[in-house]
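Down below is the structure, laid out as structure tokens.
The values are calculated or read from the model by the stated rules, or taken from the named source; none is laboratory data. As the structure is a computational prediction, the values presented were derived from the model and not from experiment. Virtual Cβ from ideal backbone geometry, glycine too; neighbours counted across all protein chains shown. Just the protein is used for accessible areas: all its heavy atoms, side chains included, with ligands, DNA and RNA removed. Shrake-Rupley method; radii C 1.70, N 1.55, O 1.52, S 1.80 Å.
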Amino acid sequence: MKNIIIFDADGVIIKREMYFSQRLAKDFDIPEEDIMQFFRNEFKNCAVGKADLKEALEKYLPLWGWKGSVDDLLKYWFENEQEFNEGIVNEIESLQKRGYICCLATNNEAYRMKYLAEEVGLKNIFDYVFSSSEIGHLKSEDDFWKYVQEKLGVKNMENIIVWESDGKIIEKVSELGMRGFLFEDVDSFQEKMNEILGQKEIEYKERRLA
């Protein structure tokens, strides 16, 4: 039996004080509604690998009054959203030592995913990394999780625990038979995981002794 724990990136592994659109609006005095036009439209295709982020952003730079290049904008974006939640990273290491498979599942476009995986080092933390830009589907879609299930070779979806920052994704994974939990802070995470995994390990030992 595989015991798998899946973590969201932004808001769980990566600290998020505010969304990129909010930070950009605040730092450069840009109307947030102008920024959200991009995220409501072109970014959706970027997030599933159907459009190139740099090309999609080009037409918005004049609208936003951005004086630098697209690469300058991405540098600002990525470098301001890369700080680890060290408490959760430590918990992941502890879980892996106990034999649990820990995975990342994120809605991220290709450039930022590569940055997080290689520059920030997320690929060195997790056993598996699943991103919407690679899979071609968002986490709100069944096909994203079907891909994850196939890659992990899991038959019983109840063996998958998902920690998310988005309540709608928790609803989706619960519909598919996984156990989803809303991440709030490290202390509540530890408390809930001790409750869940403590009971699972007791049940496993009882089956072995039966």
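Return a whole-number percent for the relative contact order of the chain, with Cα pairs under 8 Å and 6 or more residues apart as the contact set. So the answer I get is 26 percent.
Rolling a 1.4 angstrom probe over the protein heavy atoms with all chains in place gives the chain an accessible area of 54 Å² per residue. Simple spin-label estimate for E93 and E32 gives 3.6 nm between the two label positions (7 Å along the Cα-to-Cβ direction from each Cα). Ranking S133, Y115, C102 by Cα position along the charge dipole of segment 97-137, where only Lys, Arg, Asp and Glu carry charges on their C-beta atoms, puts C102 farthest toward the positive end. In sequence order, segment 45-56 has phi-based couplings of 6, 4, 5, 10, x, 9, 8, 8, 4, 4, 5, 5 Hz under the Karplus curve 6.51 cos²θ - 1.76 cosθ + 1.60, θ = phi - 60°, and Gly or Pro positions carry x. Among the GluC sites (Glu not before Pro) found in segment 27-95, those both in a DSSP coil and sparsely packed, with 13 or fewer other Cβ atoms within 10 Å of their Cβ, are E83. Taking only protein heavy atoms and a 1.4 Å probe, the accessible area of the chain is 45% carbon and sulfur. Classify the chain: rounded, prolate or oblate, from the alpha-carbon gyration tensor (a ≥ b ≥ c, eigenvalue square roots; a/c under 1.5 rounded; otherwise prolate if a/b is larger than b/c)? The shape class here is prolate. Compared with the direct C-alpha span, the chain from E158 to L74 gains 26.4 nm at full extension, assuming 0.36 nm per residue.
If R₀ is 30 angstrom, what is the calculated FRET efficiency for the pair E134 and K67, using the beta carbon separation as r and rounding to 0.05?
0.35
Near V129, the amide H atoms lying under 5 Å from its own belong to L104; only residues 5 or more places off or on other chains count, and H is placed 1.01 Å from N.
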